[in-house]
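The values are calculated or read from the model by the stated rules, or taken from the named source; none is laboratory data. Please read these numbers as outputs of a predicted model, since none were measured by experiment. We place every Cβ from the backbone using ideal geometry, glycine too, and count neighbours over all the protein chains shown.
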Amino acid sequence: MKKVNPKQEQWKKNKQFKLKKKESRLKKKSIKVVTPDSNSVPTEQAKKIQKIRMVVAPEYFSLTNDNHREELLNFIKKIKNNLSQGYKVDISFDETRTLVTSGTLWMVAKLEKLIYSYPNKISCNYPEDNTVHQLLQHIGFLKRLGLPDKVTEIDSDIVRHWHYISGTTTDDVSHFDEIFKCVAVPEEFSDGLYDSMSEAVTNTIQHAYDDDEIKEWRMFAQKKDGKLDIAICDLGVGIPKSLKQKPEIKKWITSPIQSARKNRDSYLLEVAIQSTRSKTKLSHRGKGLRDMLTYAKSVKVGGFRILSGKGAFDYSSSKKLKVSKQFKSQVNGTLIEWQIPLENNHDT
Amino acid sequence: MTHKTISIAVEYTKTPAGRYYSDGSFTGERFREEFLYPALTKNDEVEIDLDDTLGYGSSFLEEAFGGLIREKNMDINELKDKLRIISSRALYENRIWQYLKDAQQEKNNEKTIK
């Protein structure tokens, strides 16, 4: 029988109660339809389009903790479902407090895609938390949701050193230079960092999308507590799925020996990182992920992480430890993350 | 004996990235087609200076150099005579020669199969 954690259960119940109270309060404020022709009766579809649904963003933007990941994925799913049913969505950031680099990047990527697909259908409030407000303003996210800048001076240390770059080709990697200059990465760690980052972008352009799709990638770099966190994200097919598309991998996965293990995204990530072959069957390709891991091993401190599908691969440079994890829920696309120390202090 | 030195940072870009022309503006394929291969065909010796860029991803280097054998039908022994790599990071030079060896091996394997 599965053990129930009473504290966790109570936390979940409290959360659900608070959310229901808020949503019920806000449903009463739904805007009624006003049509140009006062004699005509608005259709049900027209009424639906004018109604707004409030969706509350979670406290944590994180994909590496099971509960937080579940909440973040459900948040995006709720927004998408409401939009596809014809509702407008108003996002409340009032409960958001903690912005983990990779989770925040993925959230921004997903929402920007939805803003593009459903123009003028998504709005939000100014976040209650000052740091969250400053960050979402600093990266231009609030403006994209129709809110003018309200903070006159970005004074949060976390936010001032937060950089955001996006692109659809490898050309925008030229902006990585600005980050390296701002952040002053020590030479012993900077050698190889651009190699890995530019390779991650190249991998996105090469493998993440179909030929007729826009090959979007996004990057966050955050300087905090003497470390530099860098995350690069795409919303493409994901590494496990792209591996499964290769005929010889498909054949290997479907063979009965250890088939359950081979079907796990976490295991497929390990195969991708340690393999010399890529999605394209060509043996001169597919060295990128392996070289990224080699770089992480060479710096001796910090870390390297890949999140794709349901899988996660973590490497701790100081502990020389590789950990794979299989999550219950799926992240569409791929996130690659590095943590680099900015001081020559090897206590990381 | 003719000699040519190409500094990637000065003559091409400080931020090389990508494999094919379709990936972006400063890719490995473009460097090979427009700088490296023409220099190799016109000169007895070609030096490629890799310093002063931000760095090189494996896709860029592999396509630029491995592609000389794969796409331009050059031979590794010919390149051993003609090509010099200048880099303060030995890792890049080692990788380039490994990519050239791998490309030559693949080419030899294809000939054997035929």
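Regarding residue B:45, is this residue surrounded by 24 or more Cβ atoms within 10 Å (Cβ to Cβ) and free of Cβ contacts under 8 Å to residues at least 60 places away in the same chain? Step through it out loud before you land on a result.
On the way: surrounded by 24 or more Cβ atoms within 10 Å (Cβ to Cβ): no; free of Cβ contacts under 8 Å to residues at least 60 places away in the same chain: yes.
Answer is no for this residue.
Looking at A:230, A:239, A:205, which one is within 11 Å of chain B (Cβ to nearest Cβ) and buried (at least 22 other Cβ atoms within 10 Å of the Cβ)?
On the way: A:230 fails: within 11 Å of chain B (Cβ to nearest Cβ); A:239 fails: within 11 Å of chain B (Cβ to nearest Cβ).
Selected residue: A:205, the only one of A:230, A:239, A:205 that is within 11 Å of chain B (Cβ to nearest Cβ) and buried (at least 22 other Cβ atoms within 10 Å of the Cβ).
For residue B:23, state whether it is modelled with pLDDT of 95 or more, within 14 Å of another protein chain (Cβ to nearest Cβ) and either under 30 Å from residue A:209 (Cβ atoms) or over 10 Å from the mean Cα position of the chain (by Cα) (or both).
Numbers: modelled with pLDDT of 95 or more: yes; within 14 Å of another protein chain (Cβ to nearest Cβ): yes; either under 30 Å from residue A:209 (Cβ atoms) or over 10 Å from the mean Cα position of the chain (by Cα) (or both): yes.
The answer is yes for residue B:23.
Suppose we filter the stretch B:67-94 for residues that are without any contact (Cβ under 8 Å) to a residue 12 or more places away in the chain and either of a type in the set (Lys, Arg) or at positive phi (or both); how many remain?
Total meeting the criteria: 2.
Hey, among A:159, A:151, which residue is away from chain B (no Cβ under 13 Å) and touching a Leu at 6+ places or on another chain (Cβ under 7 Å)?
Just a single option satisfies the conditions, and that option is A:159.
For residue B:64, indicate whether it is within 11 Å of another protein chain (Cβ to nearest Cβ), touching a residue at least 24 places away in the same chain (Cβ under 8 Å), in contact with a Leu (Cβ under 9 Å, 6 or more places away or on another chain) and part of a helix (DSSP H, G or I).
Details: within 11 Å of another protein chain (Cβ to nearest Cβ): no; touching a residue at least 24 places away in the same chain (Cβ under 8 Å): yes; in contact with a Leu (Cβ under 9 Å, 6 or more places away or on another chain): yes; part of a helix (DSSP H, G or I): yes.
No, not satisfied.
Can you confirm whether residue B:1 is outside any helix (DSSP H, G or I) and crowded, with 18+ Cβ neighbours inside 10 Å? Quick ask: steps written out before the conclusion?
Values: outside any helix (DSSP H, G or I): yes; crowded, with 18+ Cβ neighbours inside 10 Å: no.
It is false that residue B:1 is outside any helix (DSSP H, G or I) and crowded, with 18+ Cβ neighbours inside 10 Å.
Quickly run through the stretch A:113-129 and pick out the residues that are in contact with an Asp or Glu (Cβ under 9 Å, 6 or more places away or on another chain) and either β-branched (Val, Ile, Thr) or surrounded by fewer than 18 Cβ atoms within 10 Å (Cβ to Cβ) (or both). Lay out the reasoning, then the answer.
Just the residues of the stretch A:113-129 that are in contact with an Asp or Glu (Cβ under 9 Å, 6 or more places away or on another chain), to begin with: A:113, A:122-125, A:127-129.
Of everything in the stretch A:113-129, those that are in contact with an Asp or Glu (Cβ under 9 Å, 6 or more places away or on another chain) and either β-branched (Val, Ile, Thr) or surrounded by fewer than 18 Cβ atoms within 10 Å (Cβ to Cβ) (or both) turn out to be A:113, A:122, A:123, A:125, A:128, A:129.
Residues in the stretch B:68-76: is at least one more than 11 Å from the chain's Cα centre (by Cα), surrounded by 16 or more Cβ atoms within 10 Å (Cβ to Cβ) and either in a strand (DSSP E or B) or more than 9 Å from chain A (Cβ to nearest Cβ) (or both)?
Among the residues of the stretch B:68-76, at least one is more than 11 Å from the chain's Cα centre (by Cα), surrounded by 16 or more Cβ atoms within 10 Å (Cβ to Cβ) and either in a strand (DSSP E or B) or more than 9 Å from chain A (Cβ to nearest Cβ) (or both), which makes the answer yes.
For the stretch B:77-114, which residues satisfy the criterion of being buried (at least 16 other Cβ atoms within 10 Å of the Cβ), within 14 Å of another protein chain (Cβ to nearest Cβ) and among the aliphatic types (A, V, I, L, M)?
The answer is B:91, B:96, B:100, B:103.
Within the stretch A:173-191, which residues are crowded, with 18+ Cβ neighbours inside 10 Å and modelled with pLDDT of 90 or more?
Matches in the stretch A:173-191: A:173, A:174, A:176.
Would you confirm, using the coordinates I've provided, whether residue B:31 is buried (at least 23 other Cβ atoms within 10 Å of the Cβ), of a type outside the set (S, T, N, Q), under 27 Å from residue A:196 (Cβ atoms) and within 13 Å of the chain's Cα centre (by Cα)?
Working: buried (at least 23 other Cβ atoms within 10 Å of the Cβ): yes; of a type outside the set (S, T, N, Q): yes; under 27 Å from residue A:196 (Cβ atoms): yes; within 13 Å of the chain's Cα centre (by Cα): yes.
It is true that residue B:31 is buried (at least 23 other Cβ atoms within 10 Å of the Cβ), of a type outside the set (S, T, N, Q), under 27 Å from residue A:196 (Cβ atoms) and within 13 Å of the chain's Cα centre (by Cα).
Just to check your reading of the model, which residue among A:174, A:196 is at the interface with chain B (Cβ under 10 Å from one of its Cβ atoms), of a type in the set (S, T, N, Q) and without any contact (Cβ under 8 Å) to a residue 24 or more places away in the chain? Reasoning before the result, please.
Values: A:196 fails: without any contact (Cβ under 8 Å) to a residue 24 or more places away in the chain.
Only one candidate qualifies: A:174.
Does the stretch A:205-225 hold any residues that are out of contact with any His (no Cβ under 6 Å at 6 or more places or on another chain) and charged (D, E, K, R), and which are they?
Taking the stretch A:205-225 first, the residues out of contact with any His (no Cβ under 6 Å at 6 or more places or on another chain) are A:205-220, A:222, A:224-225.
Those that are out of contact with any His (no Cβ under 6 Å at 6 or more places or on another chain) and charged (D, E, K, R): A:210, A:211, A:212, A:213, A:215, A:216, A:218, A:224, A:225.
If you check every pair at least six apart or on different chains, which have Cβ atoms under 6 Å apart with a residue in the stretch A:326-347 that is of a type in the set (Asp, Glu) first and a residue that is modelled with pLDDT under 95 and assigned to a loop (DSSP other than H, G, I, E, B) second?
Correct list of pairs: A:343/A:226.
Tally up the residues in the stretch A:239-269 that are at pLDDT 70 or above and of a type in the set (Phe, Trp, Tyr), please.
Residues that pass the stated criteria total 1.
Does residue B:23 satisfy being out of contact with any Gly (no Cβ under 9 Å at 6 or more places or on another chain) and crowded, with 23+ Cβ neighbours inside 10 Å?
Numbers: out of contact with any Gly (no Cβ under 9 Å at 6 or more places or on another chain): yes; crowded, with 23+ Cβ neighbours inside 10 Å: yes.
Considered against the rule, which asks whether it is out of contact with any Gly (no Cβ under 9 Å at 6 or more places or on another chain) and crowded, with 23+ Cβ neighbours inside 10 Å, residue B:23 comes out as yes.
Yes or no: the stretch A:95-110 includes at least one residue that is without any contact (Cβ under 8 Å) to a residue 24 or more places away in the chain and of a type outside the set (Val, Ile, Thr).
We begin by selecting, within the stretch A:95-110, every residue without any contact (Cβ under 8 Å) to a residue 24 or more places away in the chain; these are none.
Checking the stretch A:95-110: not a single residue is without any contact (Cβ under 8 Å) to a residue 24 or more places away in the chain and of a type outside the set (Val, Ile, Thr).
Residue B:51 passes all but one of (1) without any contact (Cβ under 8 Å) to a residue 40 or more places away in the chain; (2) more than 7 Å from chain A (Cβ to nearest Cβ); (3) part of a loop (DSSP other than H, G, I, E, B); which number fails?
Status for residue B:51: all satisfied but (1).
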